[in-house]
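**Q** Before we start, here is the structure in question, set down as structure tokens.
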Amino acid sequence: MKQYHDLLKKVLNEGVLQNNRTGIPCLSIVGEMLSFDMNDGFPAITTKKLAFSQVKGELLGFIRGCTNVKDFQALGCTVWNENANALYWLSNPNNKGDGDLGCIYGAQWRKLEVLERDSMWWSDHETYKTTYIDQLSNALEDVVRNPTSRRIKVEAWNPAKLDQMALPPCHTGFQLYVDTKNKELSMTMNQRSCDMFLGIPFNIASYALLLNLIAEATGYKPRHLKMFLS
């Protein structure tokens, strides 16, 4: 974990103090990367407490497409409680109430809403229907059936839906890379907002776990996890 600790030191030594939406100024730097070789073992930060049960519960909620805080709580994850009860979200007209979190990660991963043209070319009036894309399922199918594709991506950042989420995605998407020769699966992920001292150890464990699960499901060995942090 030396690279993680070195990055913390860099934030402390070189970070620029800036205000943000929370009202609590933070030290900020731009554009860093963390890289983990899964052959070295699971990248769990051991110099602070890692709530791995929370990591597992949240990730399982994302995989299941959960969008209600009660579903996360049932999985042993309480990290969304504050967002579900935040005043800005409770007053949002898009909030359906009773624990609704809006179209957060799980909705984008498993049920991405798109409008599809439903009228014929000769029609005088264009009509559209709502359809859904299961990005995660499509990605797993591509790993198996089209492993050399450079389009195996899952995106959580949906600009058209940001006002319909209790919290816009901090980690915005990931891409899978298959080494067909060595039967290895690697992942890159992008994160736009990083709580280096508290949230990033959680994110490292979450995406390492996701990489392991996808590799297990598709018959590959997990190898590299690279996290691009903005």
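**Q** Just the number please: accessible area per residue for region 73-190, 1.4 Å probe, all protein chains included, in Å².
**A** The answer is 60 Å² per residue.
**Q** Note the full-extension length gain between Lys48 and Ala74 as 0.36 nm times their separation in residues minus their Cα-Cα distance, in nm to one decimal.
**A** 6.8 nm
**Q** Can I ask one more? So which residue, out of Asn182, Asn20, Asn203, gets the largest mean-square fluctuation from a GNM of the chain using Cα contacts under 10 Å as springs?
**A** Of Asn182, Asn20, Asn203, the Gaussian network model singles out Asn20 as fluctuating most.
**Q** Residue by residue through region 185-190, what is 3J(HN,Hα) from phi via Karplus (6.51 cos²θ - 1.76 cosθ + 1.60, θ = phi - 60°)? Round to whole Hz and write x for glycine and proline.
**A** Values per residue, Gly and Pro as x: 10, 10, 9, 10, 9, 10 Hz.
**Q** Specify whether the C-alpha gyration tensor of region 133-230 places it in the rounded, prolate or oblate class, a ≥ b ≥ c being the square roots of the eigenvalues: rounded for a/c under 1.5, otherwise prolate if a/b is larger than b/c and oblate if not.
**A** It is oblate, given that a/c is not under 1.5 and a/b is not larger than b/c.
**Q** Okay, next question. Go ahead and run the numbers for FRET between Leu90 and Glu216, Cβ-Cβ distance against an R0 of 45 Å, rounding to 0.05.
**A** It comes out at approximately 0.70.
**Q** So, in nm, how far is label Glu155 from label Asp195 when the simple model puts each one 7 Å beyond its Cα toward the Cβ?
**A** Once both label points are built, they end up 2.7 nm from each other.
**Q** Now for a separate question. Sort region 38-145 into rounded, prolate or oblate with this rule: let a ≥ b ≥ c be the square roots of the eigenvalues of the Cα gyration tensor; rounded if a/c is under 1.5, and if a/c is not under 1.5, prolate when a/b is larger than b/c, oblate otherwise.
**A** Since a/c reaches 1.5 but b/c is at least a/b, the shape of region 38-145 is classed as oblate.
**Q** How high is the relative contact order of region 79-230, given as a whole-number percent (alpha carbon pairs under 8 Å, six or more residues apart)?
**A** With pairs under 8 Å counted, the relative contact order is 18 percent.
**Q** Still on this model: Output the pairs from Lys49/Lys226; Lys10/Lys181; Lys2/Lys161; Lys2/Lys153 with a Cα-Cα distance over 32 Å in this structure; if there are none, say none.
**A** Violating the 32 Å Cα-Cα cut-off are Lys10/Lys181; Lys2/Lys161.
**Q** Quick check: residue separation of Tyr132 and Phe228 times 0.36 nm, minus the Cα distance between them. What number comes out in nm?
**A** Gain on extension, Tyr132 to Phe228, equals 31.7 nm.
**Q** Probe radius 1.4 Å, ligands and nucleic acids ignored: give me the carbon and sulfur share of the accessible area of the chain as a rounded percent.
**A** It is 51 percent, rounded to a whole number.
**Q** With θ set to phi - 60°, apply the Karplus curve 6.51 cos²θ - 1.76 cosθ + 1.60 along region 7-18 and write out the HN-Hα couplings as whole Hz, x wherever there is a Gly or Pro.
**A** With the stated coefficients, region 7-18 comes to 5, 4, 4, 5, 4, 5, 8, 10, x, 9, 6, 9 Hz.
**Q** Based on alpha-carbon positions alone, could you give the equivalent ellipsoid semi-axes of the chain from the gyration tensor, as √(5λ), descending, whole Å?
**A** 30, 26, 17
The values are calculated or read from the model by the stated rules, or taken from the named source; none is laboratory data. These numbers were taken from a predicted model, which means no experiment stands behind them. Methodologically, a virtual Cβ is constructed for each residue, glycine included, from the backbone with ideal geometry; neighbour enumeration extends over all protein chains shown. With ligands, DNA and RNA removed, areas are computed over all heavy atoms of the protein, side chains included. Shrake-Rupley method; radii C 1.70, N 1.55, O 1.52, S 1.80 Å.
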